[in-house]
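Remarks on the structure that follows.
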Amino acid sequence: MPEFNNVKIVLVNTSHPGNIGASARAMANMGFTNLVLVQPKDFPSGVAVGRAASAVDILGSAQVFDSLEEAISDCTLVICTSARSRKIPWPMVTPEQTAVKILEEKSSHKVALVFGREDAGLNNSELQLGHFHVQIPTDKNFSSLNLAASVLVICYEVYKRKLSSQSKESSSEEDYWDQDFARSDEVEHFYKHLERVMVAIKFHDPDNPRQLMQRVRRLFGRIRIDVMEMNILRGILSNIEKSIKG
Ligand code: SAH
């Protein structure tokens with residue numbers, strides 16, 4: 001399971017302790033453990049514990065700071081969330097690009113994902129502490145997600161990206177296959193050879209080709225032919241040619 005030990009989820013000035021609990025739960029679902037609170041209005045709180053379900057450990061180990069500057073002081077990458085575009089244009093990233101940036105960062109480097117107040121989000125000076133801003137795409141008439149829902153969406157993107165990069169690393173087809181895949185020039189030679197043979201056996205009329213070669217290409221394009229398979233197919237074609245010549 002991915003564990004994003006170097007990623008801090010920073011909640012600034014949260015009013016409702018239920019949102020802190022629900023954010024902790026969302027973090028736990030996605031393998032995040034570091035919750036950082038900047039001037040929470042009501043914390044610790046039984047309401048937060050109630051909403052955290054099995055993620056109470058995250059609440060127990062949450063760090064609390066007086067300012068966002070202090071909370072992110074040891075971070076090399078800071079990404080601030082915002083429900084709307086602000087007056088000052090800032091480098092914007094999508095949730096997917098946020099995931100890429102976080103996973104590209106060395107695991108020894110700390111990263112902060114910063115979330116704002118329920119009523120007013122992050123103010124301009126807080127937003128300017130971020131290297132990037134991320135906005136979750138929404139219906140244009142209602143862009144503001146619940147705080148914990150936005151924590152879930154961003155953490156989910158990072159989790160999903162991590163899972164897909166892990167599965168690529170561990171089980172790319174090329175890693176476990178016993179042969180190299182054929183190069184495209186080899187496959188092109190095969191198509192030419194196949195076409196010659198199909199003409200020779202009068203299966204294919206070059207004056208009336210219809211879509212035969214496109215369909216053949218599509219057929220073989222659906223699989224990754226390996227070098228050994230290519231040699232077998234070329235061998236079959238050569239023997240057909242030999243037996244036609246008699
Ligand atoms: N009225 C506020 C909305 C705050 S919602 C505003 O206009 O900024 C509370 C927090 O949830 C935001 O500060 C942000 O951290 C997060 N959030 C809500 N909707 C979001 C969205 N569409 N994209 C990114 N973050 C969002």
*List, in the order given, every pair from Lys41/Lys160; Lys8/Lys41; Lys192/Lys245 whose Cα-Cα distance in the structure shown is over 25 Å.*
Lys41/Lys160
*Considering only DSSP beta bridges whose two residues both sit in region 47-141, what percent are antiparallel, to the nearest 5?*
10 percent
*Are there trypsin sites (Lys or Arg not before Pro) in region 97-134 that DSSP puts in a loop and that have at most 14 other Cβ atoms within 10 Å, and which ones?*
Lys106
*Please give the contour-minus-distance gain from Trp90 to Val199: 0.36 nm per residue of separation, less the Cα-Cα distance, rounded to one decimal in nm.*
33.0 nm
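Go through region 1-103 and name the GluC sites (Glu not before Pro) that are in a DSSP coil and have 15 or fewer other Cβ atoms within 10 Å of their Cβ. Intermediate results must be reported in sequence, preceding the final value.
On the way: sites: Glu3, Glu69, Glu70, Glu96; in loops: Glu3.
Sites meeting the loop and neighbour criteria: Glu3.
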*Report the paramagnetic label zone for Thr76: residues of region 111-146 whose backbone N is under 11 Å from a point 7 Å from Cα along the Cα-to-Cβ axis.*
111
*Can you pull the percent of Cα pairs in region 59-117 with separation above 12 Å?*
74 percent
*Let me have the 222 nm mean residue ellipticity of the chain computed from DSSP H runs of 4+ only, each contributing -39500 (n - 2.57), with the sum over all residues rounded to the nearest 500.*
-14500 deg cm²/dmol
*Considering only protein heavy atoms, what per residue accessible area in square angstrom results for region 1-105 with a 1.4 angstrom probe?*
47 Å²
_Accessible area per residue, Å², region 122-228 with all protein chains present, probe 1.4 Å_ = 68 Å²
*Expressed in nm², what is the orientationally averaged projection area of the convex hull enclosing the Cα positions of region 7-174?*
10.6 nm²
*Pick out which of Met92, Met30, Met198 has the largest mean-square fluctuation in a Gaussian network model of the chain, springs linking Cα atoms closer than 10 Å.*
Met198
*Where does the longest stretch of the chain lie that holds no chymotrypsin sites (Phe, Trp or Tyr not before Pro) found in a DSSP loop with 13 or fewer other Cβ atoms within 10 Å?*
1-141
*Spacing of the two label points (7 Å from each Cα toward its C-beta) at Ser243 and Asn141, in nm*: 7.0 nm
*asked:* Using 0.36 nm times the number of residues separating Ser108 and Tyr156, minus their current alpha carbon distance, what extension gain do you get?
replied: 15.1 nm
*Once the Cα gyration tensor of region 177-245 is found, what semi-axes does its equivalent ellipsoid get, as square roots of 5 times the eigenvalues, in whole Å, sorted largest first?*
22, 16, 8
*With no solvent and one point on each alpha carbon, what is the Debye value of log10 I(q)/I(0) for region 39-93 at q = 0.16, 0.21, 0.30 Å⁻¹?*
-0.76, -0.98, -1.15
*Determine the share of the chain's accessible area contributed by carbon and sulfur atoms, expressed in whole percent, with a 1.4 angstrom probe.*
52 percent
*Convex hull volume of the Cα atoms in region 81-187, per residue, in Å³?*
169 Å³
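The values are calculated or read from the model by the stated rules, or taken from the named source; none is laboratory data. Fair warning: this is a prediction, and the values are worked out from it, not measured in the lab. Neighbour counts run over all protein chains shown; Cβ positions are idealised from the backbone, glycine included. The protein model used for the area step is the full one, side chains on, heavy atoms only, and it has no ligands, DNA or RNA in it. Shrake-Rupley method; radii C 1.70, N 1.55, O 1.52, S 1.80 Å.
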